[in-house]
1. Which distance in nm do the two modelled labels at S51 and N68 give, with both placed 7 Å along the Cα-to-Cβ direction?
2. Rolling a 1.4 Å sphere over the protein heavy atoms, what is the accessible area per residue of the chain, to the nearest Å²?
3. Highest mean first, what order results for 49-61, 26-38 on Cβ atoms within 10 Å?
4. For E38 paired with I3, estimate the spin-label separation in nm (one decimal), with each label point 7 Å from Cα along the Cα-to-Cβ line.
5. Could you check the spin-label model distance between K61 and E26? Points 7 Å from the Cα along Cα→Cβ, value in nm.
6. Rounded to the nearest 500, what is the chain's calculated 222 nm mean residue ellipticity when only DSSP H runs of at least 4 contribute -39500 (n - 2.57) each, over all residues?
7. Just how many pairs of Lys in the chain have C-alpha atoms closer than 13 Å, counting pairs that are eight or more places apart or on different chains?
8. Report the net charge of residues surrounding S51, where surrounding means a beta-carbon distance below 14 angstrom and charges are Lys +1, Arg +1, Asp -1, Glu -1.
Amino acid sequence: ILIDWLTNAANYSCWKGRNSSRKTKETFCSEIKAIMVENDITHRSNSDIRSKIQYLHDKFKDATDFINGISQ
């Protein structure tokens, strides 16, 4: 569910702060959590969701840096 939400370009753009709605990340986490609850995933908190998105973002950046030959 989280990957599906993030792979929507509009959602990811909003998450990165490029949105006109001025929604906060907390608001987005609440929306994602509501989708999870609709799909019987009830044990995630907003902070869990935010942490997982940050983790995925960091790992994606690491992978693209590796592919592009950028060393740390």
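The values are calculated or read from the model by the stated rules, or taken from the named source; none is laboratory data. Only a predicted model underlies this, so the values are computations on that prediction, with no experimental measurement involved. Positions of Cβ are generated from backbone atoms using ideal geometry, with glycine treated the same way; all protein chains shown enter the neighbour counts. Side chains are part of the model used for accessible areas, which takes the heavy atoms of the whole protein and leaves out ligands, DNA and RNA. Shrake-Rupley method; radii C 1.70, N 1.55, O 1.52, S 1.80 Å.
1. About 2.9 nm separates the two model spin labels.
2. 74
3. Result, highest mean Cβ count within 10 Å first: 26-38, 49-61.
4. 2.0
5. Taking the two extended label points, one gets 2.3 nm.
6. Theoretical 222 nm ellipticity from helices: -20500 deg cm²/dmol.
7. Here the count comes out as 4.
8. That works out to +3.
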